[in-house]
Every structure is written in C-alpha cells, then in structure tokens.
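The numbers here are math on the coordinates, done by the rules we state, and not lab data. Since the structure is predicted, the reported quantities are computational estimates derived from the model, not experimental observations. Ideal geometry is used to build each Cβ from the backbone, glycine not excepted, and the neighbour counts take in all protein chains shown.
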Amino acid sequence: MNQTRTLRFLVGVTCVVIVAAQAFGQNRHWDDLRNLPFRENYPTADSTDRLYDEMLFHRATQVVQWSLPAMTLWAMKKGSEKQFGEGSHVFPIWKDRLTSDTLVSTPNCDVIYGMGYLNLKKDGPTVIEVPPKLQGMLDDFWHRPLCDVGFVGPDKGEGGKYLILPPDYEGESPEGYFTFKSRTYNVFVFWRAFRDKDGDTKQAVALMEKTRIYPLSNKDAPPKMVFPNGSGQPADMLYPKDYRYFEGLADFINNEAVDEEDWSMRGLMASLGIEKGKPFKPDARMKEILSAGAEVGMKMCHALRFGEKLKNTKYWPNRQWNNVLNVPNVDFTRGTYTDVDAKVGMFIIGYSISPAMVLNMVGKGSKYPFAYRDADGDFLLGSRSYKLHIPANVPAANFWSITLYDASNASGLKNDQPFPSIGSLDKLQYKDDGSLDLYFGPQRPEGVPESNWRRTVPGKGWFVLFRLYSPTKPFFDGSWRPGDFEKLK
C-alpha cells in the first residue's frame, strides 16, 4: 500500500470512530465515499482501491463482533493451558476464590470456580463423571449450551456420567450416560460451588475434586485428574483487542469443525485471509486493515454495550440497573432473527450461558442486574465516590453479592483489596431496619466502616454486577429494587 492510500485509509478509519460526534455534519465519512468518482459508470483505480479497503475494514469489524462468543472461550482455553497445563484431565479450581490477579471477564469471586476444556478432536467421545450436588454447565465454543449440570440438569443433583460426542461422530451411543453431541470439538466445562455459612471453601473444593474427565476409549484406565489452584495465579484469559485478535481467530478456525450456519461469515473471513486449512499470512496492507478493524470493532462493541444503544434493557424504569441477558432464550433468537446486538452486548463483557441464567425461575437459578451509570446517568468513574443503598430483605434465598469490574476489559477491578466484591457473605454493618449503605470510591469516606466500602481506582472506569442466587418473588414482581449509585460530595 503506497503512502497516499495508507493515509486515506487511516483518515477513513478515524472518521468512522468520530462520525457520531460530527452530528451528521456535511463532512460525514460516507459522503466522501458517495462522491468517489466513477467514469461512465466504471470506478477509477483510486476509487476501486479506496472502496475495496473500506469494504475489508468493515468486514473486519463485523467479523470481530460475530466471533466474540468463540474468541472469549478460545482465549480462556489458551490462557488456562499456558498457566496450568493442557488436557481435559487438567481442571483448575480457584480454591481460595478468584482474585483480580486472574484476568477473565466478569468472574464471581464469591463462589468457587472450576473451569476445564474438552478437546473432542483429539480425544474423541469424552466422559465427565459429575459428583452429586454440583452446579455447572457445558457449552460448546460458540456458547451454545449443551446442558445445565446438577440440580437443574438431567442428573437432578444426584450426579452421574455425561458423555460428550464430537460433531462428526457417527454410530450408536453407549448406554448408561447422559449423552450430548457438541457442534464444536472444544467444549467448556464450568463448575460453580458455594462456600459454607462461615465462608469456608474446603467442602466446595472437595466436591469439585470428585470430578473425573477422560476419553471414553480410556474408561478402563483413565488419566489421573489434576486440580491446580488458580487463586492468585496471573493467568491471562482475555482475548486481545488489536491485530492479535485475528491471529487467535485464525488459530481457532483451523482447529474447529465447520458449521454450515457459519458459511457466510466464513466467506467474509476468507476475504480477510482466514480460511480453514490454510496458513494465515496477511501482507503489510492487510495487517494494517485488520489492526484498524480489530481496534475499531472493539470500540463499536463497547459503544453498543455502554452507549445506551441496546433496547429495553432496564430492570426497573426508574433505576440505572440493566439486564445483561435481555433475551427470551439462550440462542438469542427473537421470532424471525438472531438478536446480534444482544449477543455482542453479552460477550463484550462476559462468558458462559445456560437456560438457568435466562429463565425466570422463582427460588432457583440466578439473576445479574448490571450497572455502569450513577443516579444522574453519568458513567461510574474511579476518581469519584458513591453511596449505594440496599433495602432490607434482599430477595436472594441463597446469597447476594456486588462485584466491581474494570470497564476496559471486564476483568475484576484490581483495587489492592483482597477481593473486588461485597455482599451478604461478608460481615457488613446493617441499619436497624435491615437495610445498608455501601460505599465505593478511591478513599474511604470519614465515618464509614471499612466492611461497607470498596476501593475504586482513579483513571479506571468501572461497572458492577449485582448477583442474586436463588432470586425470590419480590425481585421478579418489582416490589424490591436496589438504589442507584449516588455521588458523594
């Protein structure tokens, strides 16, 4: 790409980023494209180059948005393998809770996590022996749920053997298993367990460590399970937001099954140089386009999620709390189409999805109200201090918690406190009526008990998830609702 074309392309990218700020002025980016010369209905050489580069750039931004569900899990798998080792028998457990040292999107540091990854291409049909009283889920690598596991799964909390078949499996399935066929070779195994009433994690960890995962072909001599402790480990399980995103995507595509549903998007990827079975070797021009596409595509996703562009996400009309999963079902469909905006809004900040997370089940499952603005509608800033009022009788039969996340990457906010969360499992100071006030800011306000305060970091925007486990009727009928974050002077 010569210097003139390079400059034109970069100017075009800049215009895309700032076009909203131009308030539909006469210098709109697309007006420049409309006015490119065509001589006797044929494009000039310069017009062809400009439009072709522009087309590839926009394809790159759309491929980013489409591939987020897969790249979220691919990055988690790769980061886990780098830190803890490879193989389905390696099952990291955050035995002392998950701290902000582990970089992963919107983790819950108030429960015990176990996260593993099947490779059905390498191992073939794979068995998961699930202990009783476990709670978890199995997703393929496009975040299409295979099933819930545990009390809301087919084993009904009694445990059992699950058999996961690869997408190209043919033949009879053996009896004695809860059998599911995955549409991807990679499968995400996600267990969660609760601490006891005293906050101890030993029982929960011991329960998870009864898990056994092995290829069906090795059922008579399965490999020994390995349960690394992930707590405090600096595992980076986040996808990059620059050119490296496409390097990871090319790696994923070359290691995964082809699904007919994806063929059109695979065509867009092929025009960018990503094609299954072929090496990914973009030239300097394409690297420039992909770098811009990755960075701008990510900003588009953040603008959609945090810029009030998602429709009807408010839990309560007079509050700033949003529904992360504002969809009727786990496949993000609405009648005649897939809600692509809702899917982007989910996977730009989170991972894992199951029917139990979407369905409204009184006294079961969980709900996740999500806030990133204060009572005045301004973004939550690390340099400001806030108060949040929590009315008495929080409608969570199990427990509730509020976790702080870094707005730049949705990982736990690294605030130099043991855990970036606060909730009913902590020893908080309540008011006489059972309500409480929580405080968030870079410094603890005078007179506020340390138990009721969580530190924020100047220069880092942040957001929260308010998790309610086993939500009860007052949450669903709206008779109970939390306050908003109020600025402190």
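Once amide H atoms are built 1.01 Å from N in the peptide plane, which residues 5 or more positions from Thr184, or in another chain, come under 5 Å H to H?
Long-range HN contacts for Thr184: Phe141.
Can you bin the chain into rounded, prolate or oblate? Criterion: square roots of the alpha carbon gyration tensor eigenvalues sorted a ≥ b ≥ c, rounded for a/c under 1.5, prolate for a/b above b/c, oblate for the rest.
Oblate, since a/c reaches 1.5 and b/c is not below a/b.
Can you tell me the FRET efficiency between Trp263 and Lys431 if r is taken as the Cβ-Cβ distance and R0 is 51 Å, rounded to the nearest 0.05?
After rounding, the FRET efficiency stands at 0.30.
What's the exposure ranking of Glu129, Glu486, going from fewest to most Cβ atoms within 10 Å?
Least to most surrounded, the residues fall as Glu486, Glu129.
Using 0.36 nm per residue of separation minus the Cα-Cα distance, give me the extension gain between Ala375 and Phe476 in nm, one decimal.
Going from the current span to full extension adds 34.2 nm.
Let me understand the stretch 37-122 better: what is its radius of gyration from the alpha carbons, and its Dmax, in angstrom?
Reported Rg and Dmax, both Å: 22.1, 71.
About the Cα centre of the stretch 215-272, how large is the charge dipole given +1 on each Lys and Arg Cβ and -1 on each Asp and Glu Cβ? Please answer in debye to the nearest 20.
Its charge dipole is roughly 300 debye.
Looking at Tyr162, Cys109, Tyr185, which one has the Cα that reaches farthest to the positive end of the dipole of the stretch 86-218 (charges on Cβ: Lys, Arg +1; Asp, Glu -1)?
Towards the positive end, the residue furthest out is Cys109.
Output ³J(HN,Hα) for the stretch 40-57: one whole-Hz value per residue in order, computed from phi by the Karplus curve 6.51 cos²θ - 1.76 cosθ + 1.60 with θ = phi - 60°, and x for Gly and Pro.
6, 6, 10, x, 6, 4, 5, 5, 4, 4, 5, 5, 5, 4, 4, 4, 5, 4
Can you pull the percent of Cα pairs in the stretch 221-260 with separation above 12 Å?
Percentage above 12 Å: 75.
Using a 10 Å cut-off around each Cβ, can you sort Asp477, Asp155, Asp220 from fewest to most neighbouring Cβ atoms?
Going from sparsest to densest Cβ surroundings: Asp220, Asp477, Asp155.
Which of Lys414/Lys460; Lys121/Lys278; Lys82/Lys241; Lys95/Lys414; Lys161/Lys202 have a Cα-Cα distance over 21 Å?
The pairs that break the limit, which is 21 Å between Cα atoms, are Lys161/Lys202.
Give the Kirkwood hydrodynamic radius (Å, one decimal) of the stretch 124-167, defined as one over the mean of 1/r across all pairs of different Cα atoms.
Hydrodynamic radius (Kirkwood, Cα pairs) of the stretch 124-167 is 10.7 Å.
Taking the Cα centre of the stretch 322-487 as origin, sum charge times position over the Cβ atoms of Lys and Arg (+1) and Asp and Glu (-1), and report the length of that vector in debye to the nearest 20.
280
Run the dipole for the stretch 161-274 about the Cα centre, Lys and Arg Cβ at +1, Asp and Glu Cβ at -1, nothing else charged, and hand back the magnitude in debye, nearest 20.
600
Taking +1 at the Cβ of each Lys and Arg and -1 at the Cβ of each Asp and Glu, which of Ser424, Ala235, Thr72 sits farthest along the dipole of the chain towards its positive end, judged by Cα position relative to the Cα centre?
Going by the charge dipole, the pick is Ser424.
With the calculation restricted to Cα positions, what are the radius of gyration and Dmax of the stretch 296-420 in angstrom?
15.5, 48
Taking H as built 1.01 Å from N, whose amide H comes closer than 5 Å to the amide H of Val189, not counting residues under 5 places away?
Distant-sequence amide H within range of Val189: Gly116, Tyr117, Leu118.
Calculated FRET efficiency, His58 and Arg334, Cβ-Cβ r, R0 30 Å, to nearest 0.05?
0.75
How large is ³J(HN,Hα) for each residue in the stretch 309-322, as worked out from phi by the Karplus curve 6.51 cos²θ - 1.76 cosθ + 1.60 (θ = phi - 60°), to whole Hz, x for Gly and Pro?
9, 7, 8, 6, 9, 5, 5, 9, x, 10, 9, 9, 9, 10
If you project the alpha carbons of the stretch 322-487 onto their three principal axes, what span does each projection cover, largest first, in Å?
Extents along the principal axes, in whole Å: 55, 36, 29.
Ranking Lys224, Lys311, Lys210 by Cβ neighbours within 10 Å, fewest first, what do you get?
Final ranking by Cβ density, sparse to dense: Lys224, Lys311, Lys210.
What list of ³J(HN,Hα) values in whole Hz, one per residue of the stretch 223-236 in order, does the Karplus curve 6.51 cos²θ - 1.76 cosθ + 1.60 (θ = phi - 60°) give from phi, with Gly and Pro shown as x?
Taking θ as phi minus 60°, the curve returns x, 5, 5, 10, 10, x, 8, x, 4, x, 7, x, 6, 9 Hz for the stretch 223-236.
Where in the stretch 380-410 are there chymotrypsin sites (Phe, Trp or Tyr not before Pro) that are in a DSSP coil and have at most 10 other Cβ atoms within 10 angstrom of their Cβ?
In loop regions of the stretch 380-410 (DSSP not H, G, I, E or B), there are no sparsely surrounded chymotrypsin sites (Phe, Trp or Tyr not before Pro).
For Asp96, what residues show an amide H to amide H distance below 5 Å, using hydrogens built from the backbone and excluding near sequence neighbours?
It is Ser231, by chain and number.
Go through Thr126, Ser385, Thr403 and say which Cα lies farthest out towards the positive end of the charge dipole of the chain; charges sit on Cβ, +1 for Lys and Arg, -1 for Asp and Glu.
The residue sitting farthest along the positive end of the dipole is Ser385.
Alpha carbons only, please: Rg and Dmax for the stretch 245-340, in angstrom.
My reading of the Cα-based Rg and Dmax gives 17.4, 53 Å.
Take the Cα atoms of the stretch 82-197, find their three principal axes, and give me the spread along each one in whole Å, biggest first.
Extents along the principal axes, in whole Å: 45, 33, 22.
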